[in-house]
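Asker: Once you've had a glance at the structure underneath, I'll fire off some questions.
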Amino acid sequence: MTPAQALQQAAAAGVARLDAQLLLLHALGRPATDRAWLVAHDDEAIAADAAQAFQGFLVRRAAGEPLAYLVGYKEFFGLDLQVDARVLVPRPDTETLVEWALEVLTGRAAPRVVDLGTGSGAIALAIACRRRDAEVEAVDASAGALAVATQNARRLDLPVHFVQARWLAQARGPYDLVVSNPPYVAAGDEHLQALRHEPREALVAGADGLDDVREIVHQAPAVLASGGWLLLEHGWDQAAAVRGLLQAAGFADVGSRRDLAGIERCTGGRRLEQG
Ligand code: GLN
């Protein structure tokens with residue numbers, strides 16, 4: 001089998017060309033940056049074991065497994081993160097949340113930050129990488145997720161402190177920032193079918209998808225420093241509801257931010273000292 005034939009086979013299986021190229025490079029033990037190499041060696045036979053590995057990946061990709069699980073990594077905010085089925089695949093839309101987080105931390109020296117439901121560690125590690133003076137904690141209820149995140153932190157040599165807990169149950173504030181991409185998909189959402197390979201506990205949050213957001217909004221004021229921010233990612237149609245929850249909990253400067261598709265994807269507010 002040659003690369004040209006491998007890519008034809010992928011097209012016939014309904015696998016996107018870019019995905020197929022990345023899977024083939026992975027099967028060949030070559031970096032993702034070697035797509036030009038593939039093109040240049042279009043007609044050269046691939047070793048039998050690599051061809052066999054590629055075919056295995058193709059079947060799994062065609063069955064809907066995320067590319068990131070098959071190649072074992074996902075780029076997020078310039079960081080190369082290792083991922084597997086124990087964690088949600090980091091989404092580019094979540095970079096909106098990281099950018100907002102970095103903005104609210106601007107001008108605060110040695111800020112204390114906690115990332116809730118860290119999964120692969122994406123948000124916590126991106127913040128720790130950009131703000132070397134920050135004290136970053138990352139919480140997850142899943143031991144499997146924490147194992148993935150801890151390894152990412154070690155490999156990237158970023159100082160994040162990991163805690164196994166449910167949301168803020170073990171938090172020791174005051175924090176300048178509480179940030180989270182919690183589960184926010186409604187239990188009956190048909191979109192879940194497409195996400196079936198990812199951990200359900202990282203995706204689903206009750207009948208309206210807001211159970212975990214409500215819990216975090218309820219717990220956050222007690223651990224936020226005065227002037228500290230709570231920033232949350234949420235579903236495409238939940239921005240108004242999340243703003244309402246934050247306002248009802250007494251947050252100030254409540255607003256939302258749009259993701260790459262122009263959808264209001266994150267909502268946040270600040271805790272201001274009463275009186
Ligand atoms: N963004 C994911 C999706 O709907 C959901 C992530 C989440 O629930 N935090 O594809």
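The values are calculated or read from the model by the stated rules, or taken from the named source; none is laboratory data. All values derive from a computational prediction rather than experimental measurement. Every residue, glycine among them, receives a Cβ derived from its backbone with ideal geometry; neighbour counts consider all protein chains shown.
Asker: Name the pairs: first residue in segment 157-174 and among the β-branched types (Val, Ile, Thr), second residue part of a strand (DSSP E or B), Cβ to Cβ under 7 Å, at least 6 apart or on different chains?
Answerer: Matching pairs, first to second residue: Val160/Val136; Val160/Ala138; Val163/Glu137; Val163/Val139.
Asker: Taking Ala169 as the residue in question, decide whether it is within 24 Å of Ala145 (Cα to Cα), away from the ligand (no atom under 16 Å from the Cβ), of a type in the set (A, V, I, L, M) and not in a strand (DSSP E or B).
Answerer: yes
Asker: How do the helices (runs of 4 or more DSSP H) wholly within segment 11-84 filter down when requiring 1 or more residues that are modelled with pLDDT of 95 or more and either under 25 Å from Ala147 (Cα atoms) or in contact with a Cys (Cβ under 8 Å, 6 or more places away or on another chain) (or both): which remain?
Answerer: 17-27, 48-62, 67-71
Asker: Just to be sure I understand the filter: pairs with C-beta atoms under 8 Å, separated by 6 or more residues or on different chains, first member in segment 177-199 and at negative phi, second member within 12 Å of the ligand (Cβ to nearest atom) and of a type in the set (S, T, N, Q). Which pairs pass?
Answerer: That search, which allows pairs on different chains as well, returns Asn181/Thr94; Tyr184/Gln238.
Asker: Do we find that Gly119 is within 16 Å of the ligand (Cβ to nearest atom) and without any contact (Cβ under 8 Å) to a residue 24 or more places away in the chain in this structure?
Answerer: Criteria not met by Gly119.
Asker: For segment 222-238, name all the residues that are over 18 Å from Asp115 (Cβ atoms), out of contact with any helix residue (DSSP H, G or I) (no Cβ under 8 Å at 6 or more places or on another chain) and not aromatic (Phe, Trp, Tyr).
Answerer: The answer is Ser226, Gly227, Gly235, Asp237.
Per-residue answers, yes or no, for (1) in a loop (DSSP other than H, G, I, E, B); (2) over 17 Å from the mean Cα position of the chain (by Cα); (3) basic (Lys, Arg); (4) surrounded by 20 or more Cβ atoms within 10 Å (Cβ to Cβ):
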{"residue": "Ala194", "(1), (2), (3), (4)": "no, no, no, no"}
{"residue": "Gly206", "(1), (2), (3), (4)": "yes, yes, no, no"}
{"residue": "Arg214", "(1), (2), (3), (4)": "no, yes, yes, no"}
{"residue": "Ser226", "(1), (2), (3), (4)": "no, yes, no, no"}
{"residue": "Gly235", "(1), (2), (3), (4)": "yes, no, no, yes"}
{"residue": "Leu246", "(1), (2), (3), (4)": "no, yes, no, yes"}
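Asker: Then there is this: For segment 11-24, what are the residues that are of a type outside the set (Lys, Arg) and farther than 13 Å from Gln52 by Cα?
Answerer: Those that are of a type outside the set (Lys, Arg) and farther than 13 Å from Gln52 by Cα: Ala11, Ala12, Ala13, Gly14, Val15, Ala16, Leu18, Asp19, Ala20, Gln21, Leu22.
Asker: Being under 28 Å from Gln219 (Cβ atoms), without any contact (Cβ under 8 Å) to a residue 40 or more places away in the chain and not in a loop (DSSP other than H, G, I, E, B) narrows it down to one of Val104, Val113, Val139, so name that one.
Answerer: Criteria check complete, one pass: Val139.
Asker: Let me ask something additional. Scan segment 148-157 and give yes if some residue there is touching a Pro at 6+ places or on another chain (Cβ under 6 Å), surrounded by 15 or more Cβ atoms within 10 Å (Cβ to Cβ) and more than 27 Å from Asp237 (Cα to Cα), otherwise no.
Answerer: No, there is no match, as no residue in segment 148-157 is touching a Pro at 6+ places or on another chain (Cβ under 6 Å), surrounded by 15 or more Cβ atoms within 10 Å (Cβ to Cβ) and more than 27 Å from Asp237 (Cα to Cα).
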